[in-house]
Structure formats: C-alpha cells, structure tokens
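Every number in this text was worked out from the coordinates using simple rules, so none of it is lab data. Given the structure is predicted, the values throughout are model-derived calculations rather than measurements. Positions of Cβ are generated from backbone atoms using ideal geometry, with glycine treated the same way; all protein chains shown enter the neighbour counts.
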Amino acid sequence: MEDKRLHQRVPIDVTMVCEGPAVKPFEAHGKDISVGGMFLQSSEQPPFGTELSIVGRLPGAKKDVRLPAVVRWAKPDGFGVQFGLLGAFETHLLSELMKGG
C-alpha cells in the first residue's frame, strides 16, 4: 500500500485531550506526529471532517499546546488528524520534534 503522507512522522507516546464543538472531550494517546498531522489511538471514532482541538504536552514542551485539527481517517484502534493553521510556537515545537529534539 502506498504511503500518501507528505511529512516524515516521529513516534511519540503522550496522552492528549480532544475537544471540539461536535464532540464531548475525550482522551486519546498520540502515537506519531508530523508537522502536518498526528495519529491518535482511541476507542472514540470521530467522523471524517470533525474539527478538533488536540490539547496536551508534547515531548520537549514546557506547557500544553492546543493544536487545531480535522479528522481525516479512522480505523478501529484510532484516527488520524490533519493540523490546521498552527502558531509560531507550535510550528517550532513540531519542527524540533522532527529533528529529534
């Protein structure tokens, strides 16, 4: 199967809270991340196109981040999101994660 990802992903293991206007807040475990998106392991399955804010502390961060995202796919063990417009702090943090710290 062809991998359609545009960005390199790095493995992570962090608990994040997913919030949005159409969902009750729920916890999910971030398993990999790139500057373009993230895979979240969860029993929750938000529908394709659901707008979320992914909130939590990424590796290397001293404070929680709030990442705007849209659900792009789902499978039984989790779902993938594409990030929306990120601020300078979030963009820098993700860039550093991609470089390995």
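A few remarks follow.
- Where the Cα pairs of the stretch 61-101 fall when distances are cut into 10 Å bins, in %: 25, 44, 29, 2
- Extension gain, residue 15-residue 75: 0.36 nm per intervening residue step, less the Cα-Cα distance, totals 19.7 nm.
- Relative compactness, the stretch 10-99, computed as alpha-carbon Rg over 2.2 N^0.38 Å: 0.97
- With θ taken as phi - 60° and the Karplus curve 6.51 cos²θ - 1.76 cosθ + 1.60 applied, the whole-hertz 3J(HN,Hα) list for the stretch 24-32 is 6, x, 8, 8, 9, 9, x, 10, 8 Hz, x standing for glycine and proline.
- When the stretch 10-99 is described by a simple charge dipole with +1 on each Lys and Arg Cβ and -1 on each Asp and Glu Cβ, the residue from 69, 46, 89 located farthest towards its positive end is 89.
- Residue list for the stretch 57-80, given a label point 7 angstrom along the Cα-to-Cβ vector of residue 27 and an amide N cut-off under 15 Å: 57
- With the biggest extent put first, the Cα atoms of the stretch 33-75 measure 31, 18, 16 Å across the principal axes.
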